[in-house]
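The structure appears right after this line, and notes come after that.
The values are calculated or read from the model by the stated rules, or taken from the named source; none is laboratory data. Because the structure is predicted, anything quoted here is derived from the model rather than measured. Neighbour counts run over all protein chains shown; Cβ positions are idealised from the backbone, glycine included. Accessible surface areas use protein heavy atoms only, side chains included; no ligands, DNA or RNA. Shrake-Rupley method; radii C 1.70, N 1.55, O 1.52, S 1.80 Å.
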Amino acid sequence: MKRWMFWLITAIVVALVFVGFGYTKKRETQKQFDNLMSQAITNAQAAEYKKTELNLQDALRKKPDDVVAKQRLEQVKLYQEGLAELKQDDYEQAQLTFRSTAKISPSLSILTQRAKKKDKLLESVLKQREKYDDLYNEAIRLTEIGAYSQSNENLVQILDGKNIDEKYYSQVRKDARELQERNNSILEQIRIQNQQAAIRRQREQQKQEEAKKAKQAAASSSSAENQNGEPKKNDDKNNGQDNVKDSSESKPETNNSATEPQPNNENK
């Protein structure tokens, strides 16, 4: 009887020891799990997303079936995908990824807030990029038809646009500047050509004016020579007529004196 009681007591003690050990281990595991989940929140707030991911993975090793840890791990992975797409300038896909990130629940609230903020920002960026793209495409069309000044007017709207210096618009900003430089180069060539053409026209006009003046001077000189060095035909004719008239008038006087009767000596 005593032996039986001994073994019974021993079994109870052993069971209590195992139960106590299991309970203690469970409490320790829960404590470690809670610490890892808390660290994940702290690292997420500090934007240490890789550390956050590691914290959640370690937490799931402690409690593999924990739904909260699983959802938060999925969320932090998805958020990092969105950041990578944003870095690659894939704004449309990044916006979709951030929207999906914000919808995960249960979640890390800080990631939900940041994902919603990114979504709103990218919506504004994509609308602005669409406007810039339309202006740039129209500028290209104007350049192709030779309307370089009008093309530059579109490009100025891009380069002077709101937030154009932000990284989201780096490509369209670069393209706009390159096209503007091309337009300015062509406009400068046209200006030089027009200037040279104007100079040629001016020289040609000067030559024509000089030739006209020389012609007028030659005509004036010829007229002056005619007046000073050559007798006029009409004057010669008149002078001849006057000489004839004088001769005819003097002739009768000579005849009268010759026929006048002489005094008669006999009467004398």
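Tabulated data
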read-out	value
Exceeding the 18 Å Cα-Cα cut-off - candidates K50/K87; K25/K50; K77/K120; K117/K174; K77/K167	K25/K50; K77/K120; K117/K174; K77/K167
Rounded if a/c under 1.5, otherwise prolate or oblate - segment 72-204, Cα gyration tensor axes	prolate
Note, ³J(HN,Hα) from phi for segment 93-106, Karplus 6.51, -1.76, 1.60, rounded to Hz, x at Gly and Pro	5, 4, 4, 5, 5, 5, 5, 5, 4, 5, 8, 5, 8, x
Farthest toward positive dipole pole in segment 80-168 [+1 Lys/Arg, -1 Asp/Glu at C-beta], among P106, Y168, Q95	P106
Sites A197 and V156 - FRET efficiency at Förster radius 22 Å, r taken between beta-carbons, to 0.05	0.20
Gained length - K131 relative to Q30, 0.36 nm times residue gap less alpha-carbon distance	30.9 nm
Accessible-area value, K131, 1.4 Å probe, nucleic acids and ligands omitted, Å²	130
For segment 169-226: rounded, prolate or oblate by the Cα gyration tensor [a/c cutoff 1.5]	prolate
Probe 1.4 Å - accessible area at E28, Å² to nearest ten	90
Using θ = phi - 60° and Karplus 6.51 cos²θ - 1.76 cosθ + 1.60, couplings along segment 215-222 (whole Hz; Gly, Pro as x)	5, 5, 5, 5, 5, 5, 5, 5
Dipole magnitude of segment 104-171 about its Cα centre (Cβ charges: Lys, Arg +1; Asp, Glu -1), debye to nearest 20	580
Solvent exposure of segment 92-137 as accessible area per residue, Å², 1.4 Å probe	60
